[in-house]
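Data block below; observations after.
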Amino acid sequence: MKSIRTCSIAIILFLASVCACAQTAMTLNVDATDAARNIVHSKLTIPVKPGPLTLFYPKWIPGEHSPSGPINDLVGLKLSAGGKPIAWRRDDVEMFAFHCDVPLGVTLLDVAVDDVSQPETTASAKLARIKWNRVLVYPQGMSSDVIIVKASLRLPSGWQFASALPIANDNKDDFQFKEVSLTQLVDSPAIIGANFRKLPLTSAGMMHDIDIMADTTAALEIKPETLTGLRALVQEAHALFSARHYRSYKFLVTLSDHGGSEGLEHHESSEDGVGEKAFSDELELLDFAELLGHEYAHSWNGKYRRPVGLMTPDFEQPMRGELLWVYEGLTQYLGKVLPARSGLWTAEDFRDAMAAVAAEFENQAGRQWRPLVDTAIAVQFTYPSPRAWMNYRRRVDYYDEGSLIWLEADVLIRTRSNGKLSLDDFCRRFHGGQDTGPTVKSYTFDDIVNTLNEVTPYDWRGFLNARVNAVNPPAPLGGITSGGWKLVYTEKPNTQVRIADHARKSVDLSYSLGMLLKEDGTVMDVNTNFVAFKSGLAPGMKIVSVNGRAWSIEVLHEAITSAKSSIAPMELVVENGSFQETHKLNYHDGERYPHLERDNTKPDVLADVIKFRVQR
Ligand SMILES: [Zn+2]
C-alpha cells in the first residue's frame, strides 16, 4: 500500500512550545520508594477550568506502536480540589478516558494514582524502570508538546538514579527535574536501583554513557574488550549517520533475571533491560550487543526520522504502522551491522545472524498468504501474537524480513556503484544533516524511494513494492546471494539459533524435523512444510518419549543422528491434552542449521558491509 500523503514534512521541536502555554504546566510527584514491591505512587496537580473535564491515561505508547498503555495497572485513582473529593466516571467506550465535573472556583485539580506493575516486569527486588506514562493522566485532547510537566521523583533509600531527563535539584533520594513537555517527559524514562555503575563512552565532545543498574554488584563487571566495543559503537554510528539529533545520549541498562526486561528507544536514551549475566555470558553478550546497536540506531531511525503515520500529537490518536519495515526493519539491519563494525560481533556472528533470518523466511508457510506490510499494519495484534502456528500466521516480520530487504538494498547500491556508494550514503542523506537537539521529521514511502534514487538511480519503487506490499513466497535473499554468499544447512549449530534457544529455553529443530520445542518437550510451533506437521504434530502437544525412551533433549538429538543411518521412522509418543498418541516421523537427514557459505564466483560484498569505518 502506498501512502496517500506524498510530501508532508513536519518538523516538531520539543522545546519550541515550552514558553507558549505556561498555564498548562502540571506537576507530577512520583514516589518510587515501594518500587521493589511493584507499586509506584504518583500525585499530580493539573490546572483546570470549572466544567466538564476528561482525563486521559497514555494509551498509544511511542516505540510500541500499539495501544499498549497498561491501563489495568492504573489503580487508586482519586480526584480532589482543596481537599474535597471529585467524582469520576470512566468512558463507556474509551477505557483510557475518565470524565469528571470541575466545581466552580476550582483552578487546580489534585490527582492521585498508583501504578501496580506485574511481578517480574518493570522491577526486581533491586532495580526498577520508571516509565512516566504509567504514572500520569493529562487533559484529553491536548497535544503532549504543549503540556508542560514539572516532575519530581523519590527513590528507595540508598538507591541511585539515571535518566536523560534534565535535573534541577538532586537531594540524595529526591530528584527535582526541569520543566519539560509531556512528550519529552515520556521520552525520558529513568532507571533506579541499589547497584549502579556509570561508564563514559566518549572522552571529549558530546557526552555518551552507559548507566547500569544490576541485581548484584558482580553483574556490573565489564570486560575491557566489551567497553572498547561499546565506545566503537558510538563512533561507528556517528561515521554512519554523520550527524546526531540529541544533546547527549545514555544507554539505560538493567541487568536482572527477575524484572526490568525491555528494549525501547528514545531520542536521548534507550531502555536496555537484559539478564543478570548479559556482560559475562557469551551468548547473552552477543544478544545484548545487538539490542544496544538496535536501540541506539533508533535515535536516528524512528525518533528523528519517523513515518508520518507514527507521528501522533498525543497518546490518544491511533498510530499507523505501514512503514514499520523502515522504522524497525532498517533499525534491525543496522542493529546487526553496527555491532559487527564495532568488534562486538565477529564477521561469522553477522553471517550467522543473516543466515538465521534468511532460513526463517525461506521456510515460512505464512508468506504464501500474507504480505509483509500486513504484519506492520496489524502491529497491535502481531506484537502480542501467540507463539503457536507463528510460522503460518506470521508475526512482526517487518523487523527481520525488513533487515533482509535493507541488506539487499545495501548490496544493490554497492554493486551498482562499483563499491563507491552504500546504504551508508542513504542514511547520511536521510538521517544526517546538521547536528540538532531532539527533533522529529516525518517521512512517507515516496520520501524513501526518492532518497534511494538520489543515492543510486534504480526502480526502487518496484523493488520495495514487490518485497513489502505484494504476497511474496520467495524470501528476499538477494542481498546474500548478490553479496557473494549462499544459504546452506549444516549440522553445526547456528549462533543466533543458540542465542534464541538459550533465551527462551527452547530446542529449535525448525529446519530438520520442522518444529520448535520447549526444553520439557512441549511443541511450541510446527512448520506445515516439514515432517513434524505432516506426521500429525501440533503446537501444545508434549513429547513424552522418543523411540521408546523417556523425553530428554539429548535423547531427541541422538534419535535425529541415528535416523541418518536407519530406514525406520522415528517414533514419538506425545500427550495431546489427557490422551497419548504415537506419531511416526520419516526423517533421515540429520541435524540442519542455517549458515552462509562463500560463493567464490562473486565478490564478498558482505565483508565490505561490516568493515569498520573508524580507524582504531
Ligand atoms: Zn526497534
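Which chymotrypsin sites (Phe, Trp or Tyr not before Pro) in segment 277-372 sit in a loop by DSSP (not H, G, I, E or B) and have at most 16 other Cβ atoms within 10 Å of their own Cβ? Present the calculation step by step, with values, prior to reporting the outcome.
Working: sites: Phe279, Phe288, Tyr296, Trp300, Tyr304, Phe315, Trp325, Tyr327, Tyr333, Trp345, Phe350, Phe361, Trp369; in loops: Phe279, Trp300, Tyr304, Phe315, Trp345, Trp369.
Filter output for segment 277-372: Trp369.
Tell me the angle of helix 445-455 to the major Cα principal axis of the chain, expressed in degrees between 0 and 90 and rounded to the nearest ten.
Helix 445-455 sits roughly 70 degrees off the main axis of the chain.
Which value in Å does the Kirkwood hydrodynamic radius of segment 434-567 take, with 1/r averaged over all unlike C-alpha pairs and then inverted?
In segment 434-567 this quantity evaluates to 19.1 Å.
Using Cα-Cα distances under 8 Å and only pairs 6 or more residues apart, what relative contact order does segment 105-253 have, in percent?
22 percent
Treating only the Cβ atoms of Lys and Arg (+1) and Asp and Glu (-1) as charged, compute the dipole magnitude of the chain about its Cα centre; round to the nearest 20 debye.
Computed about the Cα centre, the dipole is about 1060 debye.
For the chain, what does the helix formula give at 222 nm: sum of -39500 (n - 2.57) over DSSP H segments with n ≥ 4, over the residue count, nearest 500 deg cm²/dmol?
Details: 18 runs with 162 residues, N = 616.
Helix contribution divided over all residues of the chain: -7500 deg cm²/dmol.
Kindly put Leu104, Leu291, Leu572 in sequence by how many other C-beta atoms sit within 10 Å of each C-beta, fewest to most.
The fewest-first ordering by Cβ neighbours comes to Leu104, Leu291, Leu572.
What is the distance in Å between the Cα centroid of segment 390-404 and that of segment 107-172?
Segment 390-404 and segment 107-172 have Cα centres separated by 34 Å.
Taking the dipole about the Cα centre of segment 340-462, with the C-beta of Lys and Arg at +1 and of Asp and Glu at -1, give me whichever of Ser403, Leu372, Thr346 is farthest to the positive side.
Leu372
In Å, what Kirkwood hydrodynamic radius results for segment 370-471 from the alpha-carbon pair distances?
Kirkwood radius, segment 370-471: 15.4 Å.
All other residues with a Cβ under 12 Å from the Cβ of Tyr57 taken together, and with Lys, Arg as +1 and Asp, Glu as -1, what is their net charge? It would help to have the intermediate numbers written out before the result.
Details: positive: Lys59, Arg90, Arg134; negative: Asp73, Asp91, Glu94, Asp115, Asp314, Glu316.
Computed value for this residue: -3.
Please report, in debye to the nearest 20, how large the charge dipole of segment 324-430 is about its Cα centre when each Lys and Arg carries +1 at its beta carbon and each Asp and Glu carries -1 there.
I would put it at about 200 debye.
Please give the length that would be gained between Ala500 and Ala25 if that part of the chain were fully extended, namely 0.36 nm times their separation in residues minus their C-alpha to C-alpha distance (nm, one decimal).
Gain on stretching Ala500 to Ala25: 166.4 nm.
With the dipole of the chain worked out from charges on the C-beta (+1 for Lys and Arg, -1 for Asp and Glu) around the Cα centre, which of Thr33, Phe361, Ala218 lies farthest toward the positive end?
Phe361
Can you list the GluC sites (Glu not before Pro) in segment 207-304 that are in a DSSP coil and have 12 or fewer other beta carbons within 10 angstrom? Mind showing how you got there, number by number?
Details: sites: Glu221, Glu225, Glu236, Glu262, Glu265, Glu268, Glu271, Glu276, Glu282, Glu284, Glu290, Glu295; in loops: Glu221, Glu268, Glu276.
Here the GluC sites (Glu not before Pro) that fit, given the DSSP loop and packing criteria, are Glu221.
Hey, what did segment 560-607 get for relative contact order, percent, Cα under 8 Å, at least 6 apart? Could the numbers behind the result be given before it?
Numbers: 48 pairs, mean separation 16.9, N = 48.
Relative contact order of segment 560-607: 35 percent.
What is the angle, in °, between the Cα long axis of helix 347-362 and the longest principal axis of the Cα atoms in the chain? Nearest 10 is fine, range 0 to 90.
80 degrees
If the chain between Asp91 and Asp170 were fully stretched, how many nm would it gain, using 0.36 nm times the residue separation less the Cα-Cα distance?
On the way: separation 79, 0.36 × 79 = 28.44 nm, distance 3.91 nm.
Here the answer is 24.5 nm.
Tally Lys and Arg at +1 and Asp and Glu at -1 over the other residues with C-beta under 14 Å from the C-beta of Ala214: what net charge comes out?
Numbers: positive: Lys126, Arg129, Arg197, Lys198, Lys277; negative: Asp211, Asp215, Glu221, Asp257, Asp272, Glu276, Asp281, Glu284.
It works out to a net charge of -3.
At a threshold of 8 angstrom on Cα-Cα distance, excluding pairs fewer than six apart, so keeping six or more, what relative contact order does segment 420-571 reach in percent?
That works out to 10 percent.
Compute, for segment 374-439, the length of the dipole vector about the Cα centre, with Cβ point charges of +1 (Lys, Arg) and -1 (Asp, Glu) only. Units Debye, rounded to 20.
Around 100 debye, computed over segment 374-439.
Determine how many Å³ per residue the convex hull of the Cα atoms of the chain encloses.
Here the figure is 170 Å³ per residue.
Given Lys59/Lys336; Lys303/Lys336; Lys277/Lys518; Lys223/Lys611, which pairs have Cα atoms separated by over 26 Å?
Those over the limit are Lys59/Lys336.
Each value in this text was obtained by applying a stated rule to the coordinates, not by laboratory testing. Worth saying up front: this structure is predicted, and the values here are computed from it rather than measured. Neighbour counts are summed over all protein chains in view; Cβ atoms, including those assigned to glycine, are modelled from backbone coordinates with ideal geometry.
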